[in-house]
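Chemist: Submitted below is the structure of interest, expressed as structure tokens.
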Amino acid sequence: MAAGVTTGYSIDLHTHSLRSDGALGEVELIRRAAARGVRIQALSDHDTLMGVAAAVAEGDRLGVRVIPATELNTESEWGDVHILSYFVDPHDDALEERLRWLRENRGRRIELMVEKLNALGYAVSLDRVREIAQGGSLGRPHLAQALFEAGHVPTYDSAFVTLISKDSPAYVSRVGLAPLEAVALVREHGGVPALAHPGTTVGLDRLLPTLVEAGLAGMECYYPSHSPSRTAYCLRLAAQWGLVPTGGSDFHGRGEHGADLGGVFVPPECIEALESRRGGVRSAYHSTRVEGEL
Ligand SMILES: [Zn+2]
Ligand SMILES: [Zn+2]
């Protein structure tokens, strides 16, 4: 299904715009995807659905089906557990309220990290970080960009390694959802939850059963940084737990993760399989029990 070396695959279920921490506006993002041969794309900005309406409109114009989505970061001892939520309603006010709470926490966290950096002698201004975000919700990529621009780090990526990753001196942990809460939230709002980039989850095989019980429906087995053996491992786990294998580039527009839009193979049959998981949880799910475990 590869269309050639200059274009990508036709499905991409993980992309970010300026509405969160991507570098392109949502309309520009869809145009770029369309030009690269993408025909089905999920706009999955962190903690927001604000770009979805314009993205869908542009997609309609260009023949790209845009799936409304969001990516929820979580806080736990399981490493970086990010939950992609597909087919959520961009006009769901109650969901937007929860997402706003997450965005505000995210913003406060970045403010605290700027304070820490300044105290450590890495002068960065919060105003510049906000400028880089261009109105989107603040995230560590904006901070990394500001550190790089100010000459404090030799490359954008090295900011993460030396200063703002977990266990780095300027890191501030997030206040947010636990992984089970994120899955439950997506289900409560009619979305289909999938685990993003499972390679960043610590203890994946032990965490999956509880996420599946809470309603997890898919797992991003195809991801730019996955080795063939990692992909194979994820596919085996997905089969074991009845999860739909999904995939995406996680494109942000700054060369992160090494893939452009449509740069990762995604099985075409996963779209229908994800849609079939809407509106219900496949396995036995008792919300009171899960609430007690949160
Ligand atoms: Zn992520
Ligand atoms: Zn992402």
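The values are calculated or read from the model by the stated rules, or taken from the named source; none is laboratory data. Since we're looking at a predicted model, the values are computed, not measured. Using ideal geometry, Cβ is built from the backbone for each residue, glycine included, and neighbour counts are taken over all protein chains shown. Remember, those area values only see protein heavy atoms, side chains included, never the ligands or the DNA or RNA. Shrake-Rupley method; radii C 1.70, N 1.55, O 1.52, S 1.80 Å.
Chemist: Per 5 Å bin from zero, what fraction in whole % of the C-alpha pairs of the chain is there, up to the bin with the longest pair?
Modeler: Result, from short to long distances: 1, 6, 12, 17, 19, 17, 14, 9, 4, 1, 0 percent.
Chemist: Just to verify a number: FRET efficiency for residue 77 and residue 97, C-beta to C-beta distance, R0 = 30 Å, to 0.05?
Modeler: 0.60
Chemist: Where the accessible area of the range 73-163 is counted over protein heavy atoms with a 1.4 Å probe, how much of it, in %, is carbon and sulfur?
Modeler: 51 percent
Chemist: For the chain, what is the charge dipole size about the Cα centre, in debye to the nearest 20, if Lys and Arg each add +1 at the Cβ and Asp and Glu each add -1 at the Cβ?
Modeler: Around 380 debye, computed over the chain.
Chemist: Please find the FRET efficiency linking residue 239 to residue 276, where r is the Cβ-Cβ separation and R0 is fixed at 25 Å, and quote it to the nearest 0.05.
Modeler: For R0 = 25 Å, the calculated efficiency reads 0.90.
Chemist: About its Cα centre, how strong a charge dipole does the range 197-266 have in debye, to the nearest 20, once Lys and Arg get +1 and Asp and Glu get -1 at the Cβ?
Modeler: That gives the range 197-266 a dipole magnitude of about 140 debye.
Chemist: What list of ³J(HN,Hα) values in whole Hz, one per residue of the range 129-139 in order, does the Karplus curve 6.51 cos²θ - 1.76 cosθ + 1.60 (θ = phi - 60°) give from phi, with Gly and Pro shown as x?
Modeler: Couplings: 4, 5, 4, 4, 6, 6, x, x, 6, 5, x Hz.
Chemist: Once Lys and Arg get +1 and Asp and Glu get -1 on their Cβ, which of 193, 214, 173 lies farthest toward the positive end of the dipole of the range 91-236?
Modeler: Of the candidates, 173 comes out farthest on the positive side.
Chemist: How large is the accessible surface per residue of the range 97-137, computed with a 1.4 Å probe and reported in Å² as a whole number?
Modeler: 56 Å²
Chemist: Extending each Cα 7 Å along its Cβ direction at residue 112 and residue 202, get the distance between those two points in nm, one decimal.
Modeler: 1.8 nm
Chemist: Where both residues lie in the chain, what percent of DSSP beta bridges are antiparallel, nearest 5?
Modeler: Counting only bridges with both partners in the chain, antiparallel ones make up about 40 percent.
Chemist: Considering only the other residues whose Cβ falls under 15 Å of the Cβ of residue 55, what net charge follows from Lys and Arg at +1 and Asp and Glu at -1?
Modeler: It works out to a net charge of -2.
Chemist: Using a Förster distance of 35 angstrom, determine the FRET efficiency expected from the C-beta separation of residue 104 and residue 227, and round it to 0.05.
Modeler: Result of the calculation: an efficiency of 0.40.
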